[in-house]
Structure formats: C-alpha cells, structure tokens
Amino acid sequence: MACYFIVWIDIEHPGNRTTYDQYTERVRPIVERYGGRYLVRSELIETFAGGWHPDRVIVIRFDDREALGQCFASPEYREIMDLRIQSVTTRAIITEGF
C-alpha cells in the first residue's frame, strides 16, 4: 500500500536558509532513487484552522513503507541529514493510504 511522508518545516532563523537549501538540493535525488515522488513541496501555505502556520510543507509518496524506510536509513541520506537538523525545525508523520 502507498505510504506518505508528510513534513512541516519551520525556518526559525533566516540565516539558516542557505544550509536548508543545500539540504533540499541534495535530498531530492536520494528520495527519487528510492521511488519517492514529491506530491507537494511548497511555501505557499494558507492556514485554514488552528492558528498554525509552517514555513514549508512537503508530501512524498512511496510505493510502500519499506521503500520509505530504506530511503531515510540509507547512507546517502544519513550523510546529509545534519544539514536539515542544523537549519530547520521539522515535524513529520508517516501514513498509509490511497
């Protein structure tokens, strides 16, 4: 069953943007190598309810949970994940669906 990786990003310090941009450039080919398809990558976010407003939202579809796990446990991803950790606050969920 398809598996979705849904991420909310907060860029709390504008000076961290360069580091985060380096991460996004390097992560995309890794995600795609493991079959991930970006459905949403946007900073154009309209808050509908709850008074919450992330700076960026990302939705990635994988064919299954195993592919998602392999992607984010891969040596290639582990090599760059500190760029994300150092530059932004991330909240993420994984869900299965159609």
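Read the figures in this text as sums done on the coordinates, not as results from a lab. Bear in mind that the values here come from a model prediction, so they are computed numbers and not experimental data. Heads up, the Cβs are rebuilt from the backbone with ideal geometry, glycines too, and the neighbour counts pull from every protein chain shown.
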Value at 222 nm in deg cm²/dmol, rounded to 500, when DSSP H runs of n ≥ 4 in the chain each add -39,500 (n - 2.57) | -12500 deg cm²/dmol
If one puts a single equal scatterer on every Cα of region 1-54 and applies the Debye formula without solvent, what log₁₀ I(q)/I(0) results at q = 0.22 Å⁻¹?
-> -1.06
Computed magnitude of the charge dipole of the chain (debye, nearest 20; Cβ of K, R +1, Cβ of D, E -1) | 80
With a 10 Å radius around each residue's Cβ, average the other Cβ atoms per peptide and rank 58-69, 21-32, 39-50, highest first.
-> 58-69, 21-32, 39-50
Relative contact order of the chain (C-alpha contacts under 8 Å, at least 6 apart) in percent is 53
Inter-label distance for Glu76 and His53, nm, one decimal - labels placed 7 Å from Cα along Cα-to-Cβ = 3.6
Mean 1/r over all different Cα pairs, inverted: what Kirkwood radius does the chain give, in Å?
-> 14.0
